[in-house]
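Asker: Below: one structure in structure tokens.
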Amino acid sequence: MSMPFSVVAEYYEKLEAISGRIEMTELLADLLRKTPAQDIDKVCYLTLGKIAPDFSGIELGIGEKLALRAIAMASGQPEKVIKEEFNKIGDIGNLAEWAISRKSTLLEFKEELTVEEVFSRLMRIATASGPKSQDVKLRTLAGLMADASGREARYIARIVTGKLRLGIGDMTLLDAMAEIYLGSRARREEIERKYNIYPDVGRIAKALAEKGEEGLKEIDITLGVPIRAMLAQRVKSLEEVFERMGDTFLAEYKYDGERMQVHIWPDGRVRIYSRRLEDITHPYPDIIAGVKEAFKGKEAILDGECVAVNVDTGEILPFQQLMHRRRKYGVEEILEKIPTMLFVFDILYLDGKSLIDLPLKERHSILESVIEENEKVQLAKGKVMKRDPKSLEEYLNEAVSNGTEGLMIKDLNSPYEAGARGWTWIKLKRSYISKMVEPVDLVAVGAFWGRGKRAGTYGALLLAAYNHEKDRFETVCKMGTGFTDEELARLPELFKDYVIDHKHPRVMSEIEADVWFVPAKVLEVIGDEITLSPIHTCAKGVIEEGSGLAIRFPRFTGKWRDEKSPQDATTVKEILEMYKEQLAEIKEK
Ligand code: AMP
């Protein structure tokens, strides 16, 4: 038998009056103790102001307007009166209680609402869809309120509008469960370990209520239930990395995009979850197609980072561009405008087996053996490194010059610590981020053929600054952004008189361009910042042995500086000055 909802409402009233966490946990434990096993998951969700875990995507989300109409309908009062009263009272729960309590109940025979009844009607409200859905929601909610007492209506109104706010979180619930089913709050960690791989408090409470401690064994990694993401600690210096890590470790590019946990069913179904465990499958049909191909026939859970890319040039684009994907355009349009790629860095589950307890090196070799990389889905770039500050710094610079935020340093022997921010993953970001304010004028010294939409024209140009002392051109960036479609199509024509079949002798480049130019044409370019780079030759070795300077995220401003000769371009010395100024600014901050 389901428990009367009035018991729940009574506890919520008591919980509202309490401010100490211990007292709150005890009261909550009391409520859960009273709750029969068949209701326990429902009471857990309701207490959090929900009816399902976040990853299910089932949300109540009733607007205030609709709730006010439902309260008017349920109480038999004109909407106008309800609205006026709401302006006075201010809280939708208190308003519902006021309205429902004033209703004449003389002629009514009322059955007591059970938790089951309240829950199933809330579920109907949340899942109503189609053209009549607003009407279904309104009527169901009004009916539910009409059957409720004043106090019950108070909490129902708050739950449906997302305003329950008892101040109880998942961890408070786990504390209460530890106390009830494991005998002590001190044992919360044992439940938390399960919660980290199956973050559904309702399901866990049910297993415990039905089978006690034994029930926990049933909870395991499951496709369709996101695992809590493993997080990283930060350090301020390379030395600190060595203090924390063993002699060898994995250094991986830290892509600046959106975390994605990808669940793949053997029949090809795919779901994607965000770092906050929300289902974000919908806007990423292109990633899904790539994942299906890369993990054909496999049942797997992957961890990775999705970034926006320029498919023609392979450049990784700034994070904001990926976010536009969500806000600005419809999915179709986005697929074309801002293509994305997924860099996979971990595998947590494969063909029925959890892999999270295996050391990273084993998980990684499993990942490498099952993935079939394609244009959309690739392994995160990384390498096993030893304690050598110089090579680590070089690799950090390489990662940054390739459009990433820096490196993730990972302990090769560590398990996947779901939900934890430990020292087995360390993020090593560039120590400063500064904006380049001034545009620079650069000389085109080479080009790369485009792919996809840009087939037949150039996808990117290789640009250089002028070294006045040595009278030569030193590369600072590859640029494929900022051109209009027409401009792009015109590029080969525009440069045709400057094409040569070898690198020009005055050009210093360690990058092999597809097409080389006589240094002649000057363009105006704006970037995000100037960074150290192992691949560009601008001021090579001046700041640091083996490193040059590069412009990060370069974009064409649209200005061809035809009035300038290549010798009038921004000089290497000026770029060096800009880099130093940038450093000084950061120190000041
Ligand atoms: P932060 O958000 O600064 O705490 O950095 C951690 C985040 O970096 C993760 O949540 C991922 O979204 C992201 N990330 C990018 N590349 C990697 C990588 N190779 N390994 C792990 N996380 C990565």
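The values are calculated or read from the model by the stated rules, or taken from the named source; none is laboratory data. Quick caveat, the model's predicted, so the values are computed rather than measured. As a convention, Cβ positions derive from the backbone with ideal geometry for all residues, glycine included, and neighbour counts pool all protein chains shown.
Asker: Report the residue count in the stretch 478-501 for those that are of a type in the set (Ser, Thr, Tyr) and either surrounded by fewer than 14 Cβ atoms within 10 Å (Cβ to Cβ) or in a helix (DSSP H, G or I) (or both).
Answerer: 2
To keep it simple, each residue is scored yes or no on (1) within 30 Å of residue 315 (Cα to Cα); (2) in contact with a Pro (Cβ under 7 Å, 6 or more places away or on another chain); (3) outside the structural domain of residue 351 (by TED's automatic domain parsing); (4) in contact (Cβ under 8 Å) with a residue 40 or more places away in the chain.
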site: 193; (1), (2), (3), (4): no, no, yes, no
site: 211; (1), (2), (3), (4): no, no, yes, no
site: 214; (1), (2), (3), (4): no, no, yes, no
site: 225; (1), (2), (3), (4): no, no, yes, yes
site: 243; (1), (2), (3), (4): no, no, no, no
site: 247; (1), (2), (3), (4): no, no, no, yes
site: 254; (1), (2), (3), (4): yes, no, no, yes
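Asker: While we're here: Select from the stretch 381-396 the residues that are away from the ligand (no atom under 14 Å from the Cβ) and more than 14 Å from residue 248 (Cα to Cα) and list them in ascending order.
Answerer: 390, 393, 394
Asker: In this structure, does residue 384 turn out to be in a strand (DSSP E or B), out of contact with any helix residue (DSSP H, G or I) (no Cβ under 8 Å at 6 or more places or on another chain) and not assigned by TED's automatic domain parsing to the domain that holds residue 239?
Answerer: So residue 384 fails the test.
Asker: If you don't mind, there's one more thing I want to ask. Of the numbered conditions (1) within 19 Å of residue 411 (Cα to Cα); (2) within 16 Å of the ligand (Cβ to nearest atom), residue 247 satisfies every one except a single condition; which is it?
Answerer: Against the list (1) within 19 Å of residue 411 (Cα to Cα); (2) within 16 Å of the ligand (Cβ to nearest atom), residue 247 comes up short only on (2).
Asker: Any residue in the stretch 53-61 that is within 14 Å of residue 203 (Cα to Cα), of a type in the set (Asp, Glu), buried (at least 18 other Cβ atoms within 10 Å of the Cβ) and touching a Gly at 6+ places or on another chain (Cβ under 6 Å)?
Answerer: no
Asker: Right, here's the next one. With respect to the numbered conditions (1) of a type outside the set (Lys, Arg); (2) within 16 Å of the ligand (Cβ to nearest atom); (3) modelled with pLDDT of 95 or more; (4) closer than 24 Å to residue 357 by Cβ, which one is the sole condition not fulfilled by residue 277?
Answerer: It is condition (3) that residue 277 fails.
Asker: Pull up the stretch 330-378, narrow it to residues that are within 18 Å of residue 272 (Cα to Cα) and in contact with a His (Cβ under 9 Å, 6 or more places away or on another chain), then point me to the one that is surrounded by the fewest Cβ atoms within 10 Å (Cβ to Cβ).
Answerer: Among residues in the stretch 330-378 that are within 18 Å of residue 272 (Cα to Cα) and in contact with a His (Cβ under 9 Å, 6 or more places away or on another chain), the one surrounded by the fewest Cβ atoms within 10 Å (Cβ to Cβ) is 331.
Asker: Are any residues in the stretch 38-57 among the charged types (D, E, K, R) and under 18 Å from residue 121 (Cβ atoms), and if so, which ones?
Answerer: If the condition is that a residue be among the charged types (D, E, K, R) and under 18 Å from residue 121 (Cβ atoms), then 39, 41, 42, 50 are the ones that fit.
Asker: Sticking with this structure for a sec: If you scan the stretch 218-232, which residues turn out to be closer than 17 Å to residue 281 by Cβ and away from the ligand (no atom under 16 Å from the Cβ)?
Answerer: Residues satisfying the conditions are 222, 223, 224, 225.
Asker: Select from the stretch 291-314 the residues that are outside any helix (DSSP H, G or I) and among the β-branched types (Val, Ile, Thr) and write down the one among them that is farthest from residue 338 (Cα to Cα). Lay out the reasoning, then the answer.
Answerer: Of all residues in the stretch 291-314, those outside any helix (DSSP H, G or I) come to 295-314.
Retained after the next criterion (residues that are among the β-branched types (Val, Ile, Thr)): 301, 307, 309, 311, 313.
Working: 301: 25, 307: 10, 309: 7, 311: 9, 313: 13 Å.
Checked the stretch 291-314; the qualifying residue farthest from residue 338 (Cα to Cα) is 301.
Asker: Then there is this: Which of the residues that make up the stretch 243-280 are out of contact with any Asp or Glu (no Cβ under 8 Å at 6 or more places or on another chain) and among the polar types (S, T, N, Q)?
Answerer: 248
Asker: Something else: Of all residues in the stretch 529-585, which are among the small types (Gly, Ala, Ser), in a strand (DSSP E or B) and crowded, with 20+ Cβ neighbours inside 10 Å?
Answerer: 533, 548, 550
Asker: Which pairs have Cβ atoms under 9 Å, sit 6 or more apart or on different chains, and link a residue in the stretch 392-405 that is at negative phi and outside any helix (DSSP H, G or I) to one that is within 13 Å of the ligand (Cβ to nearest atom) and hydroxyl-bearing (Ser, Thr, Tyr)?
Answerer: Cβ pairs passing all conditions: 402/253; 404/253; 404/255; 405/253; 405/255.
Asker: Tell me, please, whether a residue that is over 17 Å from residue 170 (Cα atoms), outside the structural domain of residue 178 (by TED's automatic domain parsing) and acidic (Asp, Glu) can be found in the stretch 23-36.
Answerer: no
Asker: Could you name every one of the helices (runs of 4 or more DSSP H) located completely within the stretch 1-108 that has at least 1 residues being touching a residue at least 24 places away in the same chain (Cβ under 8 Å)?
Answerer: By residue number, 5-16, 21-34, 37-47, 64-75, 92-101.
Asker: Under 6 Å between Cβ atoms, which residue pairs at least 6 apart in sequence (or on different chains) link something in the stretch 351-363 that is assigned to a strand (DSSP E or B) with a partner that is at pLDDT 95 or above?
Answerer: Once the first residue is assigned to a strand (DSSP E or B) and sits in the stretch 351-363, its partners that are at pLDDT 95 or above give 354/221.
Asker: Consider the stretch 528-558. How many of its residues are out of contact with any helix residue (DSSP H, G or I) (no Cβ under 9 Å at 6 or more places or on another chain) and free of Cβ contacts under 8 Å to residues at least 60 places away in the same chain?
Answerer: 1
Asker: Which residue out of 262, 201, 235 is buried (at least 22 other Cβ atoms within 10 Å of the Cβ), within 16 Å of the ligand (Cβ to nearest atom), among the β-branched types (Val, Ile, Thr) and in contact (Cβ under 8 Å) with a residue 60 or more places away in the chain?
Answerer: Numbers: 201 fails: within 16 Å of the ligand (Cβ to nearest atom); 235 fails: buried (at least 22 other Cβ atoms within 10 Å of the Cβ).
On inspection, the qualifying residue turns out to be 262.
Asker: Which of the residues that make up the stretch 333-373 are at pLDDT below 95 and in contact with a helix residue (DSSP H, G or I) (Cβ under 7 Å, 6 or more places away or on another chain)?
Answerer: 334, 335, 338, 339, 340
Asker: Right, here's the next one. Restricting attention to the stretch 207-214, does a residue exist that is within 16 Å of the ligand (Cβ to nearest atom), small (Gly, Ala, Ser) and in contact with a Gly (Cβ under 9 Å, 6 or more places away or on another chain)?
Answerer: No, that holds for no residue.
Asker: For residues in the stretch 161-193 being of a type in the set (Ser, Thr, Tyr) and part of a helix (DSSP H, G or I), which is surrounded by the most Cβ atoms within 10 Å (Cβ to Cβ)?
Answerer: 181
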